[in-house]
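A.B. asks: To start, I am sharing the structure in question, which I have written as structure tokens.
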Amino acid sequence: MTIELTPLEGCVLLKPRVFNDDRGYFFESYNQQTFNELTGTNTTFVQDNQSYSSKGTLRGLHLQKGEHAQAKLVRVVKGEVLDVAVDLRPGSATYGQYYGARLSEENQHQLFVPRGFAHGFVVLSDTAIFAYKCDNFYNKASEGGLHYADPSLNIDWILPADSLQTSEKDRILPYLADVQEPFF
């Protein structure tokens with residue numbers, strides 16, 4: 001596995017070594033020791049989540065606030081998505097900036113999103129199965145997020161805005177300028 005640094009400190013792209021042959025492929029998708037060595041963290045994941053979505057589905061930008069903040073290791077099992085992380089760490093040199101990466105079943109890349117970030121993705125293929133690990137348990141009372149179309153973030157979701165499928169919950173999330181207290 002190799003690591004690619006992103007412009008957002010701590011948010012890194014992981015590229016596993018994939019072994020292909022005439023039967024298909026094999027790769028190690030996660031090894032805690034290797035992961036912690038590459039990222040320079042001591043992260044222990046406690047929960048795995050998976051979603052299935054159709055083209056144009058946009059999920060995000062989500063986060064867990066305060067003591068329930070979560071780091072995530074995200075990947076695509078089937079299909080392709082644009083995955084986005086937004087830096088919301090108070091005092092960070094890249095506060096309010098985002099990084100986007102195409103994750104797919106072809107490239108098998110994974111994005112590590114540290115605590116202190118909002119996260120979301122949009123499905124670019126006909127369908128996608130999206131899987132991720134979290135280092136803290138979900139807590140409904142600590143849910144938070146930002147509106148995916150916040151003009152201050154200026155995220156290029158690749159697909160036309162009128163083709164995006166979002167939940168009511170995501171459509172009413174606040175813009176960054178309207179957030180009264182820091183999330184973290």
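A.B. asks: With 86, 77 as the choices, which residue is in contact with a Gly (Cβ under 8 Å, 6 or more places away or on another chain) and β-branched (Val, Ile, Thr)?
C.D. replies: It is 86.
Rundown of residues vs (1) farther than 22 Å from residue 156 by Cα; (2) among the small types (Gly, Ala, Ser); (3) assigned to a strand (DSSP E or B); (4) at pLDDT below 95, yes/no style:
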residue	(1), (2), (3), (4)
3	yes, no, yes, no
7	no, no, no, no
37	yes, no, no, no
70	yes, no, no, no
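A.B. asks: Same structure, new question: Only residues in the range 155-184 that are farther than 26 Å from residue 102 by Cα count as the first member; pair them with residues that are surrounded by 11 or more Cβ atoms within 10 Å (Cβ to Cβ) and of a type in the set (A, V, I, L, M), Cβ under 7 angstrom, at least 6 apart or cross-chain, and list the lot.
C.D. replies: As it stands, the answer is 183/63; 183/88; 184/69; 184/88, since those pairs meet every condition given.
A.B. asks: Another question, if that's okay. Go through (1) in a strand (DSSP E or B); (2) within 20 Å of residue 11 (Cα to Cα) for residue 128 and report which single condition fails.
C.D. replies: Condition not satisfied by residue 128: (2).
A.B. asks: Just to check your reading of the model, which residue among 20, 49 is surrounded by fewer than 16 Cβ atoms within 10 Å (Cβ to Cβ), in a strand (DSSP E or B) and in contact with a Cys (Cβ under 8 Å, 6 or more places away or on another chain)?
C.D. replies: Only one candidate passes the filter, namely 49.
A.B. asks: I'd like to verify a number: residues in the range 138-178 that are closer than 24 Å to residue 69 by Cβ, exposed (fewer than 15 other Cβ atoms within 10 Å of the Cβ) and either under 18 Å from the mean Cα position of the chain (by Cα) or not aromatic (Phe, Trp, Tyr) (or both), how many?
C.D. replies: Looking only at that region, the number is 13.
A.B. asks: A follow-up question, please. Going through 24, 79 one at a time, which residue ends up being within 23 Å of residue 124 (Cα to Cα) and of a type outside the set (Phe, Trp, Tyr)?
C.D. replies: After ruling out the rest, the residue left standing is 79.
The values are calculated or read from the model by the stated rules, or taken from the named source; none is laboratory data. Keep in mind it's a predicted model, so treat the numbers as computed, not measured. Virtual Cβ from ideal backbone geometry, glycine too; neighbours counted across all protein chains shown.
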